[in-house]
1. Return the FRET efficiency for the residue pair Leu66, Ser40: r is the Cβ-Cβ distance, R0 is 22 Å, and the value is rounded to the nearest 0.05.
2. Students sometimes get this wrong: rank Leu34, Leu26 by accessible area, probe 1.4 Å, all chains present, largest first.
Amino acid sequence: MMWYDGGWGWGGWFFMAMIMVLFWALVIAGVVALVRYLTSGHNGHPGGPPPSSGEAGGVGRRAEDLLAERFARGEIDKDEYKRRITLLREHR
């Protein structure tokens, strides 16, 4: 039985294999990027370290938020909250 090559030869098989590898590499990279995007928390600054305490929404703000959460849960009383928030704001 004769096989018709179609003129591509071995180069055609190699080309198709490379296209397949590139296709799956792009699919995998897209899935990884999507998972990282969805699990990043969307905290306003994609990638990299969080902003410093001098920037708006920085570490100082996060400390105040955590303190407010502890006060709201009843872990600390009003006097303790006021004392700690004053201390945080003094040391910015």
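The values are calculated or read from the model by the stated rules, or taken from the named source; none is laboratory data. In this text the structure is predicted, and so the values were computed from the model without any measurement. Because the Cβ atoms are built from the backbone with ideal geometry, glycine has one as well, and the counts that use them run over all protein chains shown. When the accessible area is computed, the model is the full protein with side chains, heavy atoms only, and any ligands, DNA or RNA have been set aside. Shrake-Rupley method; radii C 1.70, N 1.55, O 1.52, S 1.80 Å.
1. On the way: r = 20 Å, r/R0 = 0.90.
FRET efficiency, Leu66 to Ser40: 0.65.
2. Values: Leu34 95, Leu26 130 Å².
Descending order: Leu26, Leu34.
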